[in-house]
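Shown next, in structure tokens, is the structure this report addresses.
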Amino acid sequence: MEEVYIYTFRELAVQEMCRSGIPASIILAQAIVESEFGTSDLALKSNNHFGIKCNDEWSKEVVYHYDDDHNSQGVLIPSCFRKYPAIYDSFIDHTNFLLHRKYYKSLFRYPRTDYKHWAHGLEAAGYATDPLYGELLIETIEEYRLFYYDFLRPDQVAGFRF
């Protein structure tokens with residue numbers, strides 16, 4: 001299942017890397033971690049493979065899912081997440097989300113082959129509430145050797161084997 005997920009989305013991740021400078025390994029690792037290889041409830045209900053929540057600027061469809069939001073009494077309440085027509089749209093929005101948020105701006109000074117700085121930078125910027133998020137991304141990248149994709153162009157992906 002893991003290899004199928006990676007194989008399915010690797011070319012899209014490389015395309016988004018070339019468009020934005022975000023390492024393909026980071027894109028794939030975040031999708032894997034946030035969506036549990038596309039099997040999480042959020043991914044299945046809303047095609048949201050990056051755990052991106054709603055905000056004031058989001059005017060499209062939404063889905064509510066328990067995550068880490070609490071009301072003033074400390075009771076866990078459903079969080080609003082973005083819903084996408086297709087998984088592809090989730091990948092595109094993830095790129096745009098990172099490109100257009102000031103708290104991720106400093107990440108773009110790192111080369112696309114520096115997945116470790118990107119991983120720790122996403123953690124420091126607050127992408128996720130897990131205090132070990134950066135290490136989790138790095139472990140995922142290294143376990144599945146996703147760093148190889150950081151050196152490819154989209155036209156090289158189809159024939160790439162490691």
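Within segment 82-95, residues that are assigned to a helix (DSSP H, G or I) sit with their Cβ atoms under 7 Å from residues that are of a type in the set (Asp, Glu), at 6+ positions apart or across chains, in these pairs: Phe91/Glu16; Thr95/Glu16.
Taking the conditions exactly as written (at pLDDT 95 or above and either aromatic (Phe, Trp, Tyr) or under 24 Å from Met1 (Cα atoms) (or both)), does Tyr64 satisfy them or not? Considered against the rule, which asks whether it is at pLDDT 95 or above and either aromatic (Phe, Trp, Tyr) or under 24 Å from Met1 (Cα atoms) (or both), Tyr64 comes out as no.
Sort out which residues of segment 125-162 are hydroxyl-bearing (Ser, Thr, Tyr), farther than 14 Å from Ile32 by Cα and not in a loop (DSSP other than H, G, I, E, B), and write them in order of number.
Taking segment 125-162 as the starting set, the residues that turn out to be hydroxyl-bearing (Ser, Thr, Tyr) are 127, 129, 133, 140, 144, 148-149.
Filter once more, so that each one left must be farther than 14 Å from Ile32 by Cα: 127, 129, 148-149.
Residues satisfying the conditions are Tyr148, Tyr149.
Taken as a whole, the structure places Phe147 among residues that are under 17 Å from the mean Cα position of the chain (by Cα) and either buried (at least 18 other Cβ atoms within 10 Å of the Cβ) or farther than 22 Å from Cys18 by Cβ (or both).
Anything in segment 1-53 that is closer than 17 Å to Leu137 by Cα, outside any helix (DSSP H, G or I) and aliphatic (A, V, I, L, M)? List them, or say none. Hits for segment 1-53 are Ile22, Ile52.
Close contacts from segment 61-75, counting a first residue that is of a type in the set (A, V, I, L, M, F, W, C) and a second that is in a loop (DSSP other than H, G, I, E, B), with Cβ to Cβ under 6 Å and a gap of 6+ residues or different chains, come to Val62/Cys54; Val62/Lys83; Val63/Lys83. Residues that are closer than 28 Å to Asp114 by Cα and among the acidic types (Asp, Glu) were ranked within segment 17-63; the one that is surrounded by the most Cβ atoms within 10 Å (Cβ to Cβ) is Glu34.
Taking the criterion of being closer than 18 Å to Lys45 by Cα and out of contact with any Asp or Glu (no Cβ under 8 Å at 6 or more places or on another chain), the only residue of segment 69-84 that qualifies is Cys80.
Of the residues making up segment 104-129, those that are over 14 Å from the mean Cα position of the chain (by Cα) and charged (D, E, K, R) are Lys105, Arg109, Arg112, Asp114, Lys116.
The values are calculated or read from the model by the stated rules, or taken from the named source; none is laboratory data. The model shown is predicted, which means the values in this text are computed figures rather than measured ones. Cβ coordinates were reconstructed from backbone atoms using ideal geometry, including for glycine residues, and neighbour counts include every protein chain displayed.
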